[in-house]
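In what follows, a single structure is set out as structure tokens and then discussed.
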Amino acid sequence: MTDETTRPSTRTPDHAIDPIFTERWSPRAFTGEAVPEAELLRMFEAARWSPSSYNSQPWRFVYALRGTPEWDRFFDLLVPGNQKWADGTGALVILVSNTRMKVGDEFKPSASHSLDAGAASLAFALQANRQGWHVHGMGGFDKERAVTVLNVPEHHRVEAAYAVGRAAPWAELTEEQRAKEQPNARRPITDFAFRGGFPQRED
């Protein structure tokens, strides 16, 4: 049951899982509160323990805190639509992956660098939720310019951007915002998990 001060939840899992997964979502209405660096480092600590091929740990997090000289450089990389709401967040993070990994004494192409970085990004987001913050991932930013602006090394790929902040309280949202600021649902497992192989195609 919800009231004027409680955000409704539309997330009901079909199988018993830990609430940490359904509680993670990506709001766009934030309080404008700055994220203390110590809080952000705790989120990166969670990402640090993510699994990766050959323990290569290809993820790289580049970040700017609200109110610091770096903030504007990161903010300017976002497309205008994301700038509108990301202006209320407290930290901006760019995820980069190393496309090579060391195998023995050699550096070889990594086929799983993006997958491994994705695992780290989820750990990062889940830890943020446990600390009372929210992470909103973004594809809408200038990846090509980010390479230069952020001094991204050779053999690295810019993967995604993230805004971190404190979600605005439900009671303070307008009716228009409330229509959008609710956790969304997911497709059923039967849409993506297939025992024995993919279903027979119907031509």
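Restricting segment 172-203 to residues that are open to solvent by 60 Å² or more (accessible area, probe 1.4 Å) and of a type in the set (Gly, Ala, Ser), the residue that is farthest from LEU95 (Cα to Cα) is GLY196. Scanning segment 144-171 for residues that are surrounded by 16 or more Cβ atoms within 10 Å (Cβ to Cβ) and basic (Lys, Arg) turns up ARG157, ARG166.
Please determine whether any residue of segment 164-184 is at pLDDT 95 or above, within 30 Å of TYR54 (Cβ to Cβ) and touching a strand residue (DSSP E or B) at 6+ places or on another chain (Cβ under 6 Å).
So the first thing to find is which residues in segment 164-184 are at pLDDT 95 or above, and the list is 164-166.
With within 30 Å of TYR54 (Cβ to Cβ) added as a condition, the list becomes 164.
Next, only the ones that are touching a strand residue (DSSP E or B) at 6+ places or on another chain (Cβ under 6 Å) stay: 164.
Looking through segment 164-184, at least one residue is at pLDDT 95 or above, within 30 Å of TYR54 (Cβ to Cβ) and touching a strand residue (DSSP E or B) at 6+ places or on another chain (Cβ under 6 Å).
Could you pull out the residue among ALA128, ALA120 that is closer than 22 Å to SER26 by Cβ, in contact with a Phe, Trp or Tyr (Cβ under 7 Å, 6 or more places away or on another chain) and either at pLDDT 95 or above or of a type in the set (Val, Ile, Thr) (or both)? So that I can check it myself, show each step before the final result.
On the way: ALA128 fails: in contact with a Phe, Trp or Tyr (Cβ under 7 Å, 6 or more places away or on another chain).
The unique qualifying residue is ALA120.
Exactly one residue out of ARG157, ARG187 is out of contact with any Gly (no Cβ under 6 Å at 6 or more places or on another chain), farther than 26 Å from ALA34 by Cα, of a type in the set (Lys, Arg) and part of a loop (DSSP other than H, G, I, E, B): that is ARG187. Cβ separations smaller than 9 Å between residues 6+ apart or across chains give the following pairs from segment 178-200 residues that are on the phi < 0 side of the Ramachandran plot and among the aliphatic types (A, V, I, L, M) to residues that are open to solvent by less than 100 Å² (accessible area, probe 1.4 Å) and assigned to a loop (DSSP other than H, G, I, E, B): ALA185/THR10; ALA185/ARG11.
Checked against the criteria, PHE74 counts as modelled with pLDDT of 95 or more and of a type in the set (Phe, Trp, Tyr).
The values are calculated or read from the model by the stated rules, or taken from the named source; none is laboratory data. No experiment lies behind these values; they were computed from the predicted model shown. Backbone-built Cβ (ideal geometry, glycine too); neighbour counts: all protein chains shown. Heavy atoms of the whole protein, side chains included, go into the accessibility calculation; ligands, DNA and RNA do not. Shrake-Rupley method; radii C 1.70, N 1.55, O 1.52, S 1.80 Å.
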